[in-house]
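Below: one structure, written as structure tokens.
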Amino acid sequence: MRDDIESILVSEEEIAEICDRIAAQINEDYANSQKKLVLICILKGSLMFASELMKRITLPLELDFMKVSSYGSGTS
């Protein structure tokens, strides 16, 4: 499969850094919060990113999924 890729837009290292940064902010924002933390993942494209982010969040959280679709140029 790697032979089919012409160029990489965002490297694995950059994605890891982004996940680290977002998770650190979430951990800080929700550290002393009584709010329930819910991570919502849009199927199917964001599953891998969400899982990497979830690994880095040190707080209890709930994971939920949404499936969305688009029909042509419409929005409904």
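Quick notes on this one:
- Breaking point among (1) at pLDDT 90 or above; (2) surrounded by 10 or more Cβ atoms within 10 Å (Cβ to Cβ); (3) outside any strand (DSSP E or B), for E13: (2)
- One residue stands out among those in region 16-53 that are open to solvent by less than 100 Å² (accessible area, probe 1.4 Å), within 22 Å of K67 (Cα to Cα) and in a loop (DSSP other than H, G, I, E, B): the one that is modelled with the highest pLDDT, which is L37.
The values are calculated or read from the model by the stated rules, or taken from the named source; none is laboratory data. Predicted model only: the values in this text are computed from it and were never measured. Please note: Cβ atoms are built from the backbone with ideal geometry, for glycine as well, and neighbour counts cover all protein chains shown. Accessible surface is based on the protein model in full, side chains and every heavy atom, while ligands, DNA and RNA are left aside. Shrake-Rupley method; radii C 1.70, N 1.55, O 1.52, S 1.80 Å.
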